[in-house]
Amino acid sequence: MRKSTLKFALIGILLIFAIAPVLILGVVGTFSIIGYSNDVRMNELSTVSMSKAGAVETIMSGYIADATALSKMDTVVQNAKNNDGVAWDTINSFTDNNADIYDTLIVDTNGNVLISSKNIEQGSFEHFNADGMPVVSGLVSWEKYGFDAMYVCREVYANPDNKTGGKLGYICLIISPESDSMLMKALSGTYLETNAYFALIDNNGNMLNYDNNGSAKKSGEVDAALTAEKDNIFNLTQNVSGDSSSNLSSVTGRAGKYAYSCGAITNVTNWRWVGIVDASIFTAFAFKTNMIGWIAIVVMAVLAAVIAMVVIGRFIGGMQQMLNTMSNINTEEGISGLRFNIKKGKSELEMIQASFNDFLDEVYINGERYRTIAELSDNMLFEWDFHKETMYVSDNTLAKFDLNTQGATLSNGKFLDSLMTPDDAEKYKRDINTLLKNQSGYSAEYQLKAKSGATVWVSFRATCITDRLGEPLRVIGVMTDIDNEKKMELQLSERASYDFLSQLYNRSTFIRMLSSELDRRGPKKIGVMFIDVDDFKFINDRYGHTVGDEVIRFVADTIRKKVDEKGGLAGRFGGDEFVLCYTDQADVANLEQIAMDIIDELYLGYTTAEGMLINVRASIGISYCPDHTEDVNELLSFSDTAMYFVKKNGKTNYHVYVPEDSASGEYIDPEGF
């Protein structure tokens, strides 16, 4: 009866646990698979769209680079200055050799067209903005050209290399987005089962390659849902500047029947790229995947239930016999005398019974085995007996440490705690109390004074053995000498705190140590400098990364001298960014002069192995605690903001943070163009 009851109970439980998960997994899986499939398709849309966005960014960067190069040409500068037509051959040749450029213009600062390669645009520039011309405009209508186009605009200065001497006007490239232009070719094509296409949308809702038709469409000709989503697309994507390879990213969304992935274009504020697809393909893919999942789950559940029922039926018979035998082994006398009666010794159950018999035979010799292990092991052993109140310590422990176990308990100051510093001894006592309270094992590392007088690291592991009522009987512990490994670990940990190239503190270590300085500064004032090497990308591009690394080391060596032996900190935040912390009050009071000294010493430069003199320029931002803030992140952020103020205002200088700096807007480095 007991056998049948157990059998049917196991079968009933199995069926419940086989069917219930199927229903739960089916419901949860339906929603999960739909969500997952949508995510997969959206990720695919984003991945392919970002790939095409890279080509568009390259073309846009080419337009901007061409306009920038023209703005620096001598004939263009002279034409903008004197209006003498000397640049006509230059811009006419440039227009003829660039299929995407319909016309090239030179415009003065009042919006008057000085020269046109097509001799079409004369008088006032149709879309001139006295408050500032965009680098790349949106799609605009041109009365004089008779079609819709965009333009790329760059300033022309009297001294174009350093942008001084006054602004003379603008060089403007009229870009006609025809179907055979490089831009339209980069946008063309479909993907995601021929349903998705790639387009550009400007801040007025106009689109290039809408519906993959290879032409420009004004906002009124574009799907209303996409036009309505225009503001959200621009808000979700962030304007970026600099190297496009490090700025590509995307944001996804829905607009009516469409799903889209969008992103910003480097150095272009008036356009966003958009990968667009009819969202109905997501639903079809999810439904197909979901049905396959349902079928697989049901089949596996049924198969598992059938197999388990067969196994349970065969297992219960042997299990019942084993349970009857084990129920009789319940006294110490029975343990020493009663054994399983094994007939064949071939089945798994009989193998378990044989192993149990062997285990009982081993009980008798366990005491001898324990003592033998203690004598032969390199580990140092001890055992505290609560009933006898005696301490056993292995011979190798007594050989290494000066211990007298007479009268010693686990934590009365006469055992291991007598070899520790007061702080470690207190920690050790707390650990022992926790061990006895929880009646479980624990491990820790301590420093103990050896007989030789040296302090060594040991790994300490102990466990508490209790009786049936939960009262402690013994504490058994083992110690291992880990002095060499621990010291090597500490050395590696210290190395991990430094930046490999500069040998200054890395970012995380510097912030941690700066936080400690702020916590214990008391009434003292602390100064922080944020240093950024000017034009470091130019140095890397022109001289190579080997020289770039030398520049980093030169800057690191220069600023390290400013804090060495003064209690300050120097760190590298990555790339060409460095940070300094000053705690010496004389240095803090003189921080602006120190900043100028750093700028001057860096500008003196150094000579490379090839005999080349590299003059290094740097911009420095300064903030103080508590004048500006007592928060470590804000303190670093304020000095960084002050440094960007210098970047915006000519570079190679220093600036002390003021609250107005934080409201001055995002800094856009002109070197990135």
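Summary of computed values
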item	result
Residue within the stretch 385-407 that is open to solvent by 50 Å² or more (accessible area, probe 1.4 Å), in a helix (DSSP H, G or I), in contact with a helix residue (DSSP H, G or I) (Cβ under 8 Å, 6 or more places away or on another chain) and within 25 Å of Asp483 (Cβ to Cβ) present	yes
Subset of the stretch 230-250 [in a loop (DSSP other than H, G, I, E, B) and either at pLDDT 90 or above or aliphatic (A, V, I, L, M) (or both)]	Val240, Leu248
Residue match in the stretch 617-632 (condition: open to solvent by less than 30 Å² (accessible area, probe 1.4 Å), part of a helix (DSSP H, G or I), touching a strand residue (DSSP E or B) at 6+ places or on another chain (Cβ under 6 Å) and touching a residue at least 60 places away in the same chain (Cβ under 8 Å))	no
Residue list for the stretch 416-452, filter: open to solvent by less than 20 Å² (accessible area, probe 1.4 Å) and in contact with a helix residue (DSSP H, G or I) (Cβ under 9 Å, 6 or more places away or on another chain)	Leu416, Asp417, Ala425, Tyr428, Ile432, Ala444, Tyr446, Leu448, Ala450
The stretch 201-239: number of residues that are more than 21 Å from Glu44 (Cα to Cα), surrounded by fewer than 22 Cβ atoms within 10 Å (Cβ to Cβ) and among the hydrophobic types (A, V, I, L, M, F, W, C)	5
Which listed residue is modelled with pLDDT under 90, loosely packed, with under 13 Cβ neighbours inside 10 Å, among the acidic types (Asp, Glu) and closer than 23 Å to Ile511 by Cα, from Glu610, Glu565, Glu660	Glu565
Residue match in the stretch 181-200 (condition: within 19 Å of Lys81 (Cα to Cα), surrounded by fewer than 22 Cβ atoms within 10 Å (Cβ to Cβ), without any contact (Cβ under 8 Å) to a residue 40 or more places away in the chain and not acidic (Asp, Glu))	no
Every pair of residues 6+ apart whose Cβ atoms lie under 7 Å, when the first sits in the stretch 48-65 and is touching a residue at least 60 places away in the same chain (Cβ under 8 Å) and within 12 Å of Asn267 (Cα to Cα) while the second is open to solvent by 10 Å² or more (accessible area, probe 1.4 Å) and among the β-branched types (Val, Ile, Thr)	Ile64/Val135
Selection within the stretch 135-179 - over 30 Å from Asn213 (Cα atoms) and part of a loop (DSSP other than H, G, I, E, B)	Pro160, Asp161, Asn162, Lys163
Residues within the stretch 47-62 that are open to solvent by less than 10 Å² (accessible area, probe 1.4 Å) and either of a type outside the set (A, V, I, L, M, F, W, C) or not in a helix (DSSP H, G or I) (or both), tallied	2
Top-ranked residue of the stretch 112-134 - restricted to ones that are open to solvent by 30 Å² or more (accessible area, probe 1.4 Å) and in contact (Cβ under 8 Å) with a residue 40 or more places away in the chain, ranked as farthest from Leu208 (Cα to Cα)	Leu114
Neighbours by Cβ (under 8 Å, 6+ apart or cross-chain): first from the stretch 413-426, more than 15 Å from Ala444 (Cβ to Cβ) and outside any helix (DSSP H, G or I); second open to solvent by less than 40 Å² (accessible area, probe 1.4 Å) and among the small types (Gly, Ala, Ser)	Gly413/Ala425; Lys414/Ala408
Any hit, the stretch 570-584, residues being part of a loop (DSSP other than H, G, I, E, B) and either more than 32 Å from the chain's Cα centre (by Cα) or among the β-branched types (Val, Ile, Thr) (or both)	yes
Options Tyr654, Tyr603: the member that is surrounded by fewer than 20 Cβ atoms within 10 Å (Cβ to Cβ) and of a type in the set (Phe, Trp, Tyr)	Tyr603
The listed residue being more than 25 Å from the chain's Cα centre (by Cα), in contact (Cβ under 8 Å) with a residue 12 or more places away in the chain and either open to solvent by 10 Å² or more (accessible area, probe 1.4 Å) or more than 27 Å from Glu660 (Cβ to Cβ) (or both), out of Ile539, Ile552	Ile539
Test: residue in the stretch 128-139 that is more than 20 Å from Leu200 (Cβ to Cβ) and in contact with a Lys or Arg (Cβ under 6 Å, 6 or more places away or on another chain)	no
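Matching residues to (1) within 19 Å of Gly571 (Cβ to Cβ); (2) touching a residue at least 40 places away in the same chain (Cβ under 8 Å); (3) of a type in the set (D, E, K, R); (4) open to solvent by 70 Å² or more (accessible area, probe 1.4 Å):
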| residue | (1), (2), (3), (4) |
| --- | --- |
| Ala454 | no, no, no, no |
| Gly477 | no, yes, no, no |
| Met488 | no, no, no, yes |
| Phe510 | yes, yes, no, no |
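The values are calculated or read from the model by the stated rules, or taken from the named source; none is laboratory data. Computed from a prediction, not measured in an experiment: that's the story for all the values here. Cβ atoms come from the backbone with ideal geometry, glycine included; neighbour counts cover every protein chain shown. When the accessible area is computed, the model is the full protein with side chains, heavy atoms only, and any ligands, DNA or RNA have been set aside. Shrake-Rupley method; radii C 1.70, N 1.55, O 1.52, S 1.80 Å.
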